[in-house]
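The structure appears right after this line, and notes come after that.
The values are calculated or read from the model by the stated rules, or taken from the named source; none is laboratory data. All values reported here derive from a predicted model rather than from experimental measurement. Don't worry about glycine lacking a Cβ; one is built from the backbone with ideal geometry, like all the others, and counts go over all protein chains shown. Note: accessible area is taken over every heavy atom of the protein model, side chains too, but ligands, DNA and RNA are not part of it. Shrake-Rupley method; radii C 1.70, N 1.55, O 1.52, S 1.80 Å.
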Amino acid sequence: MQDYTRPMRLLLIEDDKATASYVAKGLRECGHSVDVAHGGREGLMLAAGEPYDALIIDRMLPELDGLSVIRTLRATDNRTPVLILSALGEVDDRVKGLRAGGDDYLVKPFAFSELLARLEALLRRARAAAADAPETVLRFEDLTMDLLARRVERAGRVIDLQPREFRLLEVLLRHAGQVMTRTMLLEKVWDYRFDPQTNVIDVHISRLRQKIDKGFERPLIHTVRGAGYSLRAVDKAA
């Protein structure tokens, strides 16, 4: 029994209608969704405007060749995996295709089973890369923290935080729903491995509450008596 990945949304850019029909039919029979474009410009518009799991691009296309399509997409930071199809199979041809931004290169004529296997491999690699990528946006309820832009918003309202407040909220967001003890917060936010015998945490939590919770119906930062603090969604009535 063949083991296919989950259904993919694919774009096939191929000017040969017989090849396009054959490939699209086979992929749809495997449960995948396939859009087809027969020219480079049409394909580029679709690839740039729609979310696809992978692109299958013929190298020789009318209006705009396949390598130009790929280069244009990569120049706009479009990282959708690309499988290049081409009758040009020399080493230099394959190298040019990969250097243009292609992720794999399949020479015509090809077996459909190989094309499918290569697409599945591309998708597995893309998923693995996404899983390994560091998280850059943290969310809880209507609260959002963009770690790269150093920007915090709640319900669309931008909240200005000092560096230590930002780090404190980041720790609470990463452990939303959990109780963070004072010892944990001292280690993760202040890098203390001892109790400084000050109310530094309480002061910063108080400031953070003024910025995060004040003016909003549902408070998110809660004191867990005798334990620490927790970021939770609890109605005031509760």
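Results, tabulated for the structure shown:
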quantity	calculated
Residues located in region 164-190, provided they are open to solvent by 70 Å² or more (accessible area, probe 1.4 Å) and either within 27 Å of the chain's Cα centre (by Cα) or of a type in the set (Lys, Arg) (or both)	Arg164, Arg167, Arg174, Gln178, Arg182, Lys188
Residue satisfying all of: in region 192-238; touching a residue at least 40 places away in the same chain (Cβ under 8 Å), part of a loop (DSSP other than H, G, I, E, B) and touching a strand residue (DSSP E or B) at 6+ places or on another chain (Cβ under 8 Å); farthest from Leu172 (Cα to Cα) among these	Phe216
Which listed residue is out of contact with any Ser or Thr (no Cβ under 6 Å at 6 or more places or on another chain) and modelled with pLDDT of 95 or more, from Phe166, Phe140	Phe166
The listed residue being of a type in the set (A, V, I, L, M) and either in contact (Cβ under 8 Å) with a residue 60 or more places away in the chain or under 19 Å from Val34 (Cα atoms) (or both), out of Ala87, Ala75, Ala121, Ala100	Ala121
Residues of region 148-163 satisfying the condition of being surrounded by 15 or more Cβ atoms within 10 Å (Cβ to Cβ), touching a residue at least 12 places away in the same chain (Cβ under 8 Å) and either out of contact with any Leu (no Cβ under 7 Å at 6 or more places or on another chain) or of a type in the set (A, V, I, L, M, F, W, C) (or both)	Val152, Ile159, Leu161
Qualifying residue in region 198-205 (condition: open to solvent by less than 40 Å² (accessible area, probe 1.4 Å) and under 28 Å from the mean Cα position of the chain (by Cα))	no
Among the candidates Gly101, Gly89, residue that is outside any helix (DSSP H, G or I) and at positive phi	Gly101
Those residues of region 33-54 which are in contact with a Pro (Cβ under 7 Å, 6 or more places away or on another chain) and hydrophobic (A, V, I, L, M, F, W, C), in sequence order	Ala54
Hey, Gly26 in contact (Cβ under 8 Å) with a residue 24 or more places away in the chain, under 15 Å from Phe112 (Cβ atoms) and open to solvent by 20 Å² or more (accessible area, probe 1.4 Å) or not	no
Condition broken by Glu135, with the remaining ones in (1) open to solvent by less than 90 Å² (accessible area, probe 1.4 Å); (2) in a loop (DSSP other than H, G, I, E, B); (3) within 30 Å of Asp104 (Cα to Cα) satisfied	(1)
Candidate set: region 47-100, residues that are open to solvent by 20 Å² or more (accessible area, probe 1.4 Å) and small (Gly, Ala, Ser); chosen: the one nearest to Gly26 (Cα to Cα)	Ala87
Residue check for Val82: under 14 Å from Leu115 (Cα atoms) and not charged (D, E, K, R)	yes
Residue within region 53-69 that is touching a residue at least 40 places away in the same chain (Cβ under 8 Å) and in a helix (DSSP H, G or I) present	yes
Lone unmet requirement of (1) closer than 27 Å to Val23 by Cα; (2) buried (at least 17 other Cβ atoms within 10 Å of the Cβ); (3) among the acidic types (Asp, Glu) for Glu114	(2)
